[in-house]
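Q: Before I ask anything, let me first share the structure, which is written out below as structure tokens.
The values are calculated or read from the model by the stated rules, or taken from the named source; none is laboratory data. Just so it is clear, the model here is predicted, and its values are computed rather than measured. Virtual Cβ from ideal backbone geometry, glycine too; neighbours counted across all protein chains shown. SASA here: full protein model, heavy atoms, side chains in, ligands and nucleic acids out. Shrake-Rupley method; radii C 1.70, N 1.55, O 1.52, S 1.80 Å.
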Amino acid sequence: MKNFLNDVKILENREIGKDNYLLRVKMNDECIVPEAGQFYLLKCRDGAKILKRAISLHYVDEDKRILEFVYKITGKGTKEISEYKKDEYINIQGPLGKGFGTGIKDKTAVVIGGGIGLAPLKQLIKNLKESNRIVFIAGGRDLEALKILENFDSENIDLKICSDDGSIGKKAFVTELLESYLKNGAADIIYTCGPHIMMEKIAEIAEKNNVQCEVSMEERMACGVKACVGCSIKTAEGMKKVCHDGPVFNSKIIIKSLPRMTEEECSAKCI
């Protein structure tokens, strides 16, 4: 799929929970409609000094030609993106990468997100819910981390919420809710995005229960077009580049995580 470099108009860029932001932009005529799980490269304000930031698609409204992104401020780059204002223009490149496999019908899909890993799941749920039963397990540190759920459509899905401190939903981890559900409920496929250690556990649970599982990796992606090694990960099938081979992978190939690089470390390595 060809991707485009575009200057698009910002409709909204506001905080939703501590350090999490919702960015909505108007697609122009050249923009391609993305798939759930794909990502874009967004230009920082100081584009000459800071590499573009890879941010996953949150949602696309094809009729109104609107793209939504949810991102977390984790360094200088995402901080600069948060400073864009309504009616300004931002340069985006995409869609990029491999998205979720959504060509299923009459199945029970368990969708699991942790923290900012919830961001790409809104579009995934939209694509799945018309023809499938959805069990959505959402977890985060606290109420602030889960305010992103206010931007989801929870109609006709089985939503289960948990938090580390019990300030919203059940005081538990998403893996606990998954294991509890699988004791009495069926699942044909599991989709997940979040911290690597969380997805490692979910992959183990999926394999134990003989359920197919797709994971969306959250590695730093500097170039976004497989031109560098910043997002390379070691897998059971050898080295993979998240920006090209993923970010969505079959869970059976992921291995235990290594410490992640910061935005600045990744930029320095990949320039």
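Q: Against the longest alpha carbon principal axis of the chain, how many degrees, from 0 to 90 and to the nearest 10, is the axis of helix 196-208 turned?
A: Once rounded, the angle reads 30 degrees.
Q: So what is the calculated 222 nm ellipticity per residue for the chain, using -39500 (n - 2.57) for each DSSP H run with n of 4 or more, over all residues, to the nearest 500 deg cm²/dmol?
A: For the chain, the value works out to -5500 deg cm²/dmol.
Q: With a 10 Å cut-off between alpha carbons and a GNM built on the chain, which of Ile137, Ile253, Ile168 moves the most?
A: Ile253
Q: With the chain treated as a Gaussian network of Cα nodes joined by springs under 10 Å, which of Ile104, Ile92, Ile134 yields the largest mean-square fluctuation?
A: Ile104
Q: Report, by chain and number, residues whose modeled amide H sits under 5 Å from the one on Ile16, excluding near sequence neighbours (fewer than 5 apart, same chain).
A: The answer is Tyr21, Leu22.
Q: Treat region 79-122 as a sphere of radius equal to its Kirkwood radius over Cα pairs and apply Stokes-Einstein at 25 °C in a medium of 0.890 mPa s; give the translational diffusion coefficient in µm²/s, rounded to a whole number.
A: Answer, rounded: 171 µm²/s.
Q: At Asp63 and Glu204, where each label point lies 7 Å from the Cα along Cα→Cβ, what is the point-to-point distance in nanometres?
A: That separation, rounded to one decimal, is 4.5 nm.
Q: Given Cα pairs under 8 Å that are at least 6 residues apart, what percent is the relative contact order of the chain?
A: After rounding, I find 18 percent.
Q: Under a Cβ-only charge scheme (Lys and Arg +1, Asp and Glu -1), can you give me the dipole magnitude of the chain about the Cα centre, in debye to the nearest 20?
A: Its charge dipole is roughly 480 debye.
Q: Taking only the C-alpha atoms, wrap a convex hull around region 111-163 and report its volume per residue in Å³ as a whole number.
A: 62 Å³
Q: Continuing with this model, one more query. Please report the antiparallel percentage of DSSP beta bridges with both residues in the chain, rounded to the nearest 5.
A: Taking every DSSP beta bridge with both residues in the chain, the antiparallel ones total about 60 percent.
Q: Select from Asp19, Asp153, Asp29 the residue whose mean-square fluctuation is largest in a Gaussian network model of the chain (Cα-Cα springs shorter than 10 Å).
A: Comparing Asp19, Asp153, Asp29 in a Gaussian network model of the chain, the most mobile one is Asp29.
Q: Further question on the same structure: In a shell of Cβ-Cβ distance under 10 Å around Ser131, excluding Ser131 itself, what net charge do Lys and Arg (+1) and Asp and Glu (-1) give?
A: Net local charge, Ser131 excluded: +2.
Q: Let me ask something else about it. Of Val8, Cys243, Ser180, whose Cα points farthest to the positive end of the dipole of the chain (charges on the beta-carbon: +1 Lys, Arg; -1 Asp, Glu; origin at the Cα centre)?
A: The listed residue farthest towards the positive side: Cys243.
Q: While we're on this one: Please give me the summed charge of the neighbours of Arg65: other residues whose Cβ is under 9 Å from its Cβ, Lys and Arg +1, Asp and Glu -1.
A: So the environment of Arg65 carries a net charge of -2.
Q: Once neighbouring chains are kept in place and the probe is 1.4 Å, which whole percent of the accessible area of region 41-169 is contributed by carbon and sulfur?
A: That share works out to 43 percent.
Q: With the other protein chains left in place, how much accessible area per residue, in square angstrom, belongs to the chain at a 1.4 angstrom probe?
A: Solvent-accessible surface per residue comes out at 48 Å².
Q: With a 1.4 Å probe and all protein chains in place, put Phe136, Phe152 in order of accessible area, largest first.
A: Phe152, Phe136
Q: Here is a further query. Among Ile255, Cys31, Thr108, which residue has its Cα positioned farthest towards the positive end of the charge dipole of the chain, with +1 placed on the Cβ of Lys and Arg, -1 on the Cβ of Asp and Glu, and the dipole taken about the Cα centre?
A: Ranked along the dipole, the leading option is Ile255.
Q: Could you size up the charge dipole of region 1-63 around its Cα centre, putting +1 on the beta carbon of Lys and Arg and -1 on that of Asp and Glu, and report it in debye to the nearest 20?
A: 420 debye
Q: If you don't mind, another one. Considering every pair of different Cα atoms, what Kirkwood radius, in Å, is found for region 1-78?
A: Radius from the Kirkwood sum: 13.2 Å.
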